[in-house]
Amino acid sequence: MSAATAKGNAASTNAVDAIDVLEGLLAARYSCRAFKPDPVPRPVIERILRAAQRTASWCNSQPWHVTIMSGAETERFRKMMYETAASGADSAPDFPWPREYVGVYQARRRESGFQLYDAVGIAKGDKAAAAKQALENFNFFGAPHVAIITTTEPLGVYGAVDCGAYVANFMLAAQALGVGSIAQAALARRSDVVRDYLKFAEDRRVVCGISFGHPKHDHIINSYRTSRAPLSEAVTFVGE
């Protein structure tokens, strides 16, 4: 066997190993909704951040900025966000909220919602219990840390798209280090409150939050997994 052939075989083996790792992380990751109170060590958080910073972005603009709260600051922010949401104050997102979910998108949304309600024992049609559960978004599900992801206004929707890629990589890096996480669009519904509290510059736009920490693996709310559509529903191949 030539040196070139051996090198090629080694590269192929490494590629197989890498995709196996990635597929394993993707399969294992889930939206964690119950956390232990123990903080994640700063070096672990920084490693997650360094990995996520490698996210690809339009023209390498890297439009995301991450504000992470820990300790007493998390508790102050949690209290403020929960009280604001519970008050029924009008939403004020920086980006337009989905106008509606229709067809298969509504079906998938309902399936996910029913899985959540079934896990915590909320009966179908119990709007009061569902509303109480929804407020847990603003309690960060008990997570010791919350990250707020912002982009810059001039980049518009493409800045938000880049931030979405960053959020996905942040959560995969967290999963690789045994840290649970959940991306939360709910926090962006109160963008005005978040901006005022964190004193963001006028050109920053709130994309979403990420609550994270050590997951309570044995909590019933962390027991279910959402489904994924088959490729036949998500992909169209054109040509050979």
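Only the coordinates and a few stated rules stand behind these numbers; no lab work does. In this text the structure is predicted, and so the values were computed from the model without any measurement. Reconstructed Cβ throughout: ideal geometry from the backbone, glycine too, with neighbour counts over all protein chains shown.
Values computed for the structure shown
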quantity: Label-to-label distance, nm, for residues given as Lys36 and Tyr82 (7 Å Cα→Cβ offset); calculated: 2.1 nm
quantity: Efficiency of FRET from Cβ geometry, Asp192 and Glu233, R₀ 30 Å, rounded to 0.05; calculated: 0.20
quantity: In the stretch 46-83, trypsin sites (Lys or Arg not before Pro) in a DSSP loop with at most 10 other beta-carbon atoms within 10 Å; calculated: Arg54
quantity: The chain, dipole about Cα centre (Lys/Arg Cβ +1, Asp/Glu Cβ -1), debye to the nearest 20; calculated: 340 debye
quantity: Gain upon complete extension [Trp58, Arg110; 0.36 nm per residue less C-alpha separation]; calculated: 15.4 nm
quantity: Derived scalar couplings ³J(HN,Hα) [the stretch 73-78; Karplus, 6.51 cos²θ - 1.76 cosθ + 1.60; whole Hz; x for Gly, Pro]; calculated: 5, 4, 5, 5, 5, 4
quantity: Most fluctuating residue given options Leu155, Leu187, Leu135, as computed from a GNM of the chain linking Cα atoms under 10 Å; calculated: Leu155
quantity: Contour excess over end-to-end distance, with Cα ends at Ala129 and Glu100 and 0.36 nm allotted per residue; calculated: 8.2 nm
quantity: Pairs of Lys in the chain closer than 20 Å at Cα, counting only those 8 or more apart or on different chains; calculated: 5
quantity: Sites Ala201 and Val66, calculated FRET efficiency, Cβ-Cβ separation with R0 22 Å, nearest 0.05; calculated: 0.90
quantity: Residue with peak Gaussian network fluctuation, the chain [Cα springs, cutoff 10 Å], from Ala229, Ala183, Ala27; calculated: Ala229
quantity: Prolate/oblate/rounded call for the stretch 148-217, Cα gyration tensor, a/c under 1.5 rounded; calculated: oblate
